[in-house]
1. Would you call LEU15 within 23 Å of the chain's Cα centre (by Cα) and part of a helix (DSSP H, G or I)?
2. Quick one: what pairs do we get from segment 80-92, first residue at pLDDT below 80, second in a loop (DSSP other than H, G, I, E, B) and within 9 Å of the ligand (Cβ to nearest atom), C-beta under 7 Å, 6+ apart or different chains?
3. Within segment 99-144, track down each residue that is closer than 28 Å to CYS295 by Cβ and either in contact with a Lys or Arg (Cβ under 7 Å, 6 or more places away or on another chain) or charged (D, E, K, R) (or both).
4. Would segment 287-309 turn up any residue that is on the phi > 0 side of the Ramachandran plot and open to solvent by 60 Å² or more (accessible area, probe 1.4 Å)?
5. Would segment 49-66 turn up any residue that is touching a residue at least 40 places away in the same chain (Cβ under 8 Å), more than 26 Å from GLU309 (Cβ to Cβ) and out of contact with any Leu (no Cβ under 6 Å at 6 or more places or on another chain)?
6. Which members of segment 182-204 meet the condition of being part of a helix (DSSP H, G or I) and free of Cβ contacts under 8 Å to residues at least 12 places away in the same chain?
7. Mind listing just one residue for me: the one in segment 60-81 that is more than 30 Å from GLY209 (Cα to Cα) and open to solvent by 60 Å² or more (accessible area, probe 1.4 Å) and, of those, farthest from the ligand (Cβ to nearest atom)?
8. Can you pull out the residues in segment 226-247 that are closer than 20 Å to LEU139 by Cα and in contact with a Lys or Arg (Cβ under 7 Å, 6 or more places away or on another chain)?
Amino acid sequence: MLNNVIVINSLIEELISNSDFAEAAKQLLKDQKKSWKQLHEGYKSLKEIKIKTFQFDGFRMKLQFNPGRYISTSAEVDEKSINDRKCFLCPTNLPEKQKGILCEDEYLILGNPFPIFPEHFTIPNTNHVPQQIKSNFTLMLKLAKDLSKHYVILYNGPKCGASAPDHFHFQAGSKNFMPIDDDFHQLKKEHGEILFENDRITIAAVDDGLRRMISFESIDTEKLVTAFNNFYEIYSSISCNNGEPMMNIISAYEEEFGWRVIVFLRDKHRSSHYFAKGDNKILLSAASVDLGGVCITPLEKDFDKMTKEKLTEILTEVSLNKNSFELIKQKFDKAILRLKI
Ligand SMILES: [Zn+2]
């Protein structure tokens, strides 16, 4: 089933055998730009995009006008629409020219033909299994480390911007492209609160007025998994959402410091602006990359009319409400002490 998809190329094979997945992925994208027209066009149009930057207190948010993202932004993700379409992440349904790198025997690294990042990948499971983070968190850490030379890993919850909630996938994108990659330290200092810290792990809660996040920083996989699982249980008990509590995650790895996992807590999939009529309508469907500070508007008129205030309104509306956030902080604060991490 996978033979037609997996890339056969001596350079990439050599990089993989040296466990240099980041360089192998980079090479895959280079090859795909030559061999797959759709992807080539997607990266070409990335040169035409417009960007504007809003400065907030201690952090930046960018706005990217990117018409190539229209289908993804406006994707219908209700059960009926999902059941009625052919899954575009199943290996048998991938475009003929799309090739991938198999990792962990279960995941494909694929070039994303509708890029936001200068280098952008989709990493689906080879099987049609639902989007859920709990059983895939350890893998997220592994991928973040394996690809850390060039990329960060992103996860969108099934009701938080994942365009295929029925087929498990991560994304990977160029490191230091999202403002949060650089701004997080400052963000934590100015708007954060340390919930727990010892010489192995730091857990913080950040509320910058637009977004509400819990961050985990550690060099120790086991401690990260234990802390995340505990947080997940607490968040599940408070979130009224059926199934996975609503979240987006950005995970990065540095040899010197280990992992930084930022979890964005959510109340809504899309804000009221998305559903508004006429001039009030703004097509922005927040996912990890938007919360990481690169907000995507596929329509130019939305890009032109966006203000700092409107953006604040949109992101505040989709982020977890203040009361629930406070409750999670309190519960988590107590629970961590019992974990002995
Ligand atoms: Zn599928």
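The values are calculated or read from the model by the stated rules, or taken from the named source; none is laboratory data. What you see is a predicted model; the values in this text were computed from it and never measured. Don't worry about glycine lacking a Cβ; one is built from the backbone with ideal geometry, like all the others, and counts go over all protein chains shown. Heavy atoms of the whole protein, side chains included, go into the accessibility calculation; ligands, DNA and RNA do not. Shrake-Rupley method; radii C 1.70, N 1.55, O 1.52, S 1.80 Å.
1. It is false that LEU15 is within 23 Å of the chain's Cα centre (by Cα) and part of a helix (DSSP H, G or I).
2. From residues that are at pLDDT below 80, the pairs are ILE82/ASP166.
3. Passing the criteria: PHE114, ILE116, GLU119, LYS134.
4. So far as segment 287-309 goes, no, none of its residues is on the phi > 0 side of the Ramachandran plot and open to solvent by 60 Å² or more (accessible area, probe 1.4 Å).
5. Checking segment 49-66: not a single residue is touching a residue at least 40 places away in the same chain (Cβ under 8 Å), more than 26 Å from GLU309 (Cβ to Cβ) and out of contact with any Leu (no Cβ under 6 Å at 6 or more places or on another chain).
6. If the condition is that a residue be part of a helix (DSSP H, G or I) and free of Cβ contacts under 8 Å to residues at least 12 places away in the same chain, then ASP182, HIS185 are the ones that fit.
7. Among them, the one singled out is LYS80.
8. TYR232, MET246, MET247
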